[in-house]
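The values are calculated or read from the model by the stated rules, or taken from the named source; none is laboratory data. Just so you know, these numbers come straight off a predicted model, no measurement behind them. Cβ atoms come from the backbone with ideal geometry, glycine included; neighbour counts cover every protein chain shown. The accessibility values were calculated without ligands, DNA or RNA, using every heavy atom of the protein model including side chains. Shrake-Rupley method; radii C 1.70, N 1.55, O 1.52, S 1.80 Å.
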Amino acid sequence: MRPSNQSALLIIDVMNHFEFEGGQALARAALPASRAIARLRDRYDAAGSPVIYANDNWMQWQGEFGDLIAACRAKPGPAAQIADTLQPRKGHFYVLKPKSSAFLASALPVLLVQLGVTALAITGIAADACVLATALDANMRDYTVWVPGDCTAARDASAKSRALQLLRSTIHADTRSTRAVGGLFPAT
């Protein structure tokens, strides 16, 4: 078990096939976000802090996280590029989630307690859906929340902007980019 009072990096829904209405627009926005997430993940890895992937299970109730990665890597274009960039490394954690929030009906709450996590850097896609729902749920569970704007994507810039503004105004989440926050987690 790790010491308490630490932050974890939560990476949401980056293993994505983008096969839905608006998926191609989301994929285009997710490419630069995936590179920013990879840089932040490197900071967490260097600090020995937890990195946790939470991904939709694509309604494949008998699949594993590795199946999602393989399916993405088999597709040409952004799905494969993002999967290659953000494939979990040794020591990373992952949970499958059935709905928008990574907390809903998943093992995430138990994992965070066992890891002694009190603050979450929440990244991934989509800023106006699963990232937003997870950040709101994290706040309700008394986690300090950072949603670095450069580490999220949405189908369009206005949807992302509205989601980040909502997080700032309602739960006082920090949404500064990773370039504006030099350390592992914003100072509170």
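Tell me which residues, restricted to segment 48-60, are farther than 21 Å from residue 100 by Cβ and touching a Ser or Thr at 6+ places or on another chain (Cβ under 9 Å).
49, 50
Of everything in segment 30-76 that's at pLDDT 95 or above and part of a strand (DSSP E or B), which residue is nearest to residue 180 (Cα to Cα)?
So the residue we want is 51.
For residue 181, work out the one condition from (1) out of contact with any helix residue (DSSP H, G or I) (no Cβ under 6 Å at 6 or more places or on another chain); (2) open to solvent by 10 Å² or more (accessible area, probe 1.4 Å); (3) within 16 Å of residue 40 (Cα to Cα); (4) of a type in the set (Val, Ile, Thr) it doesn't fulfil.
For residue 181, the failing item is (2).
Among (1) under 15 Å from the mean Cα position of the chain (by Cα); (2) open to solvent by less than 20 Å² (accessible area, probe 1.4 Å); (3) closer than 18 Å to residue 131 by Cα, where does residue 29 come up short?
Just one mismatch for residue 29, condition (2).
Could you say whether any residue in segment 168-183 is small (Gly, Ala, Ser), more than 12 Å from the chain's Cα centre (by Cα) and at pLDDT below 95?
Yes: segment 168-183 contains one or more residues that are small (Gly, Ala, Ser), more than 12 Å from the chain's Cα centre (by Cα) and at pLDDT below 95.
Testing residue 13 on (1) charged (D, E, K, R); (2) at negative phi; (3) open to solvent by less than 10 Å² (accessible area, probe 1.4 Å), one condition comes back false. Which one is that?
Single failed check for residue 13: (2).
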